[in-house]
Amino acid sequence: MAEEYGEPAKFDPKFKGPIKKRGCTDIICCILFMIFILGYIGVGIIAWLYGDPRQVIYPRNSTGSYCGFGANSDKPFVLYFDLLKCLTGTNILAASMNGLQCPTTQVCVAECPQYFRAVIPIGVPEKVYNQTFCQPSINLTTTKLSVSEIASKELCPVFLVPSKPIFNRCFPQVDLTFPSDFTIDNMSSNATKNQITDAAKTIANSLNFQNLSKKIFEDFANSWSWILIALGIAMLVSLLFLILLRFTAGILVWVLIIGVIGVIGYGIYHCYMEYTNTTTTFNQVGFNPDLSVYFHVKETWLGILIVLAVVEVILLLLLLFLRKRILIAIALIKEASKAIGHIMSALFYPLFTFVLLVVCVAYWGITALYLATAGGPMFIVSVTNSSTPGCGDIKGNDSCDPTTFNASNYRNGSCPDVRCIFYKYETEGLVLTNIFNLQIYNVFGFLWCINFVIALGQCVLAGAFASYYWAFHKPKDIPYFPVSAAFMRTLRYHTGSLAFGSLILTIVQMIRIILEYLDHKLKGAQNPCTRFLMCCLKCCFWCLEKFIKFLNRNAYIMIAVYGKNFCVSAKNAFKLLMRNIVRVVVLDKVTDLLIFFGKLIVVGGVGVLAFFFFSGRLPIPGDTFKSPTLNYYWIPILTVVVGSYIISQGFFSVYNMCVDTLFLCFLEDLERNDGSAEKPYYMPKSLMKILNKKNRPPEAEGKKKKKK
């Protein structure tokens, strides 16, 4: 093992913990990262210059102007003159949210119509139409156009029905009850009452999120204070659990181990009872697509019994032969609790990491939104009815400006049904033709920044906890402000190494994203062979990502301690772990078991408490602590559960990093030192007792030399 994975570390009398005098590492990668960040900022500037998120926030009218913005700031809603045209070939939600406008006139209005009105093609226009819902280009009191001409040119809506705004679009109400005298003339595209009702129902089924979103917002408004209290409880429980591990880690680990063995033992007993009480055999059932049938077959329970028995025997043998290594893991876990107790500021460092992650996510999201809305709107000439005389040869290829377009001037007014409508967003030009490439750059930058921030947090915490382990007299020799010192040291000397490690991880993650994209695009055209190959590739890169994360984590610990570059640190960490592979596996699994149990206590306990409180099943006398009235009590419960998991993840990530750092330092301590006065162990006495080792005082060393 020593020859294959290198020689053990040699004693260095100058080594007293994390190296103070160190130089910058991986400078080339640091420069590359800085250049990439400048490019990423450039992408954000380009997106800001070319993008217009108003395309998503505000609807447009027929002239391309935004409703609820600028000159139309007092008119936030858009009214479709003939909404039935929006339902032909294009989903109304997609048409509304992506800016794809319907082939009918749209105007900005201050409020949606609340009454029925059908146009009768006789009379004075100002008495037939409502100026509020007509195009601004026409004045009903001074126009010389007849009612029929106004309707044919779609200067005013032919009919109005009670509507309500959904995503700032006026859509008919679902429960419409038409008056008996409501009739629509033929000049309004033959719309009928049933068609309008069906259209309203279709829209409601597609856009029924508004009421839900309002109710969810109301629930948050009524319960936000209780949600904060629940999250505070989750924080206290997480902190209390980490403190209690210092005193109960050993008992808790053995309880969990015995509990797992007991559960499997009960599973064996249950399978045996089912096997003896079941009379149906596999030959009697044969092949059956209903898998539940096989749970009434003797062979099924026999197979499960054999598997559980094998697992039980393996666990008992591992427990018998690895008991000393389990004791080492327990001692390290206890020591991690002590280290966190002496460096309490480490528990608050995840808040800083969280803020940086929020900044990265926000920058990525805003840049992606601006890039997605880059390019101005383009308008083309279109006709509502190609059978109208003079309109048959209009193909819709001519571009137009909706602010100056006049149907009567187009081709000398030969086609009265022509109009200027929205076509698409501009895609020509150097920037607009490379929007997809810029989005890829944005995703790559997002992943690299996220991985760098996580790597920075791991290296900083590793440096702080390494300074604790290599303090010979604890806590007297622990340096002041170990977290801030490790942070400054990491940023000053090892930005390049962190960028290098996070770049490798980012490349693997990008490959996984590309594979997922190809799998989604080619899903319908794949044969079984290509599906199997794609599945294998996805599985391999998933495993590779997990391995790189594990290797990077330990490399950052070695960087924090010794200050060497990433490749050397990763190689040394890998060889050190491979020389102690059994201890690594045992510690990793024991720690994972404890952390899983801790998360289960925090998330499960707080979640159950939130369920009983918000559902009103927790009887509390008085009105002070009475649960709020909610539309959906699962909204605050889900928020509390997710928030509790994030909080517990933050606390336990610090704890996990502490255990890993102390473990690597412990392995280095075993290889470097032998307990003599010149080379004393830095490990706690609990570990030395388990390993039957101790530090010999100088007097004992002197007597030993005299005897020789």
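The values are calculated or read from the model by the stated rules, or taken from the named source; none is laboratory data. All values derive from a computational prediction rather than experimental measurement. Glycine gets a Cβ as well: all are built from the backbone with ideal geometry, and neighbour counts include every protein chain shown. Please note that ligands, DNA and RNA were not included when accessible areas were found on the heavy atoms of the full protein model with its side chains. Shrake-Rupley method; radii C 1.70, N 1.55, O 1.52, S 1.80 Å.
Residues Phe436, Phe487, ordered by accessible area of protein heavy atoms at a 1.4 angstrom probe radius and largest first, appear as Phe436, Phe487. Remark: segment 353-369, residue by residue, has Karplus-estimated 3J(HN,Hα) of 4, 4, 4, 4, 5, 4, 4, 4, 5, 5, 5, 4, x, 5, 5, 4, 5 Hz, where x stands for each Gly or Pro and the curve is 6.51 cos²θ - 1.76 cosθ + 1.60 at θ = phi - 60°.
All other residues whose Cβ lies under 11 angstrom from that of Pro13 are scored, Lys and Arg at +1 and Asp and Glu at -1, for a net of +3. Pairs with C-alpha atoms separated by more than 19 Å, drawn from the list Lys338/Lys564; Lys21/Lys564; Lys474/Lys564; Lys521/Lys546, are Lys338/Lys564; Lys474/Lys564; Lys521/Lys546. Here the 3J(HN,Hα) profile of segment 685-694, calculated from phi with Karplus coefficients 6.51, -1.76 and 1.60 at θ = phi - 60°, is 5, 4, 6, 5, 5, 5, 8, 6, 10, 7 Hz, Gly and Pro shown as x. For the pair Ser137 and Leu318, how long in nm is the line joining their label points, each one 7 Å along Cα→Cβ? About 7.7 nm separates the two model spin labels.
Projecting the Cα atoms of Ala573, Cys529, Thr591 onto the charge dipole of segment 500-599 (Cβ charges, centred on the Cα centre) puts Ala573 farthest toward the positive pole. 3J(HN,Hα) along segment 245-250: 4, 4, 10, 10, 4, x Hz, from the Karplus curve 6.51 cos²θ - 1.76 cosθ + 1.60 with θ = phi - 60°, whole Hz, x for Gly and Pro. Calculated translational diffusion coefficient of segment 500-585 (37 °C, 0.692 mPa s; Stokes-Einstein with Kirkwood radius over alpha-carbon pairs) equals 222 µm²/s. Database remark: amide H of Asp674 closer than 5 angstrom to the amide H of Lys679 (H placed geometrically; neighbours at sequence offset of 5 or more, or on other chains; Pro and chain starts carry no H).
Over all other residues within a Cβ to Cβ distance under 15 Å of Met534, the charged ones net out to +3, with Lys and Arg as +1 and Asp and Glu as -1.
Here segment 440-561 has an Rg and Dmax of 19.5, 67 Å, counting Cα atoms alone. Can you work out D for segment 468-516 in µm² s⁻¹ from Stokes-Einstein, where Rh is the Kirkwood radius over C-alpha pairs, the temperature is 37 °C and the viscosity is 0.692 mPa s? Estimated diffusion coefficient is 241 µm²/s. Sorting Leu593, Leu498 by accessible area puts them as Leu593, Leu498; the probe is 1.4 Å, largest comes first, and only protein heavy atoms count. Near Thr105, the amide H atoms lying under 5 Å from its own belong to Phe81, Asp82; only residues 5 or more places off or on other chains count, and H is placed 1.01 Å from N. A 1.4 Å probe, protein heavy atoms only, puts the accessible area of His342 near 90 Å². Remark: the Phe547-Phe612 segment gains 19.3 nm on full extension, using 0.36 nm per residue and subtracting the alpha carbon distance.
To the nearest 10, the accessible area of Met534 is 30 Å² with a 1.4 Å probe. So what's the net charge close to Gly496: Lys and Arg +1, Asp and Glu -1, counting the other residues with Cβ under 13 Å from its Cβ? Here the charged neighbours net out to +2. To the nearest 10, the accessible area of Arg117 is 70 Å² with a 1.4 Å probe.
Here the dipole of segment 418-544 is about 200 debye; that uses its Cα centre as origin and unit charges on the Cβ of Lys and Arg (positive) and Asp and Glu (negative).
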